1. How about region 7-52: which trypsin sites (Lys or Arg not before Pro) there lie in a loop by DSSP and see at most 12 other Cβ atoms within 10 Å?
2. Where does the charge balance sit around PRO39 when Lys and Arg score +1, Asp and Glu -1, over other residues with C-beta under 13 Å from its C-beta?
3. Where the only charges are on Cβ atoms (+1 Lys, Arg; -1 Asp, Glu), what is the dipole of the chain about its Cα centre, to the nearest 20 debye?
4. Relative to the longest principal Cα axis of the chain, at what angle does helix 54-70 sit, 0 to 90 degrees, rounded to 10?
5. Take the alpha carbon atoms of the chain, find their radius of gyration, then divide it by 2.2 N^0.38 Å using N residues; give the quotient.
6. How far, in nm, would the chain grow between ASN51 and LEU76 when pulled straight, counting 0.36 nm per residue and subtracting the alpha carbon separation?
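FYI, it's all coordinate maths here, none of it is from the lab. Since the structure is predicted, the reported quantities are computational estimates derived from the model, not experimental observations. Ideal geometry is used to build each Cβ from the backbone, glycine not excepted, and the neighbour counts take in all protein chains shown.
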Amino acid sequence: MSILLDLRQAVIHKVHGKDKDGLREMIEGSIDAQEAALPGLGVIFEILWKNIDHTKQDELLTILDQQLAQIEMKPLK
């Protein structure tokens, strides 16, 4: 459990104090990057999710549902 807390704290420390442009750069730089960046995006998503109301959560879920439906799934090897 402490590993997760350390990861959360490391990500928060990395983005703390960044302006909108800095946050956008970090997010866009992590998307489609090496899988090592995915936990950081997870922490950012967790912060976002915890701090938006249910209406906005539902909007995100609708977008996610629509986008996932468009992805062609390939069998796992």
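1. LYS18
2. Values: positive: ARG8, LYS14; negative: ASP6, GLU35, GLU46.
Local charge sum for PRO39: -1.
3. On the way: 9 positive and 13 negative charges, 46 e Å.
With only Lys, Arg, Asp and Glu charged at Cβ, the dipole is about 220 debye.
4. The answer is roughly 50 degrees.
5. Its radius of gyration relative to the 2.2 N^0.38 Å reference: 1.28.
6. Once the chain is fully extended between ASN51 and LEU76, it gains 5.5 nm.
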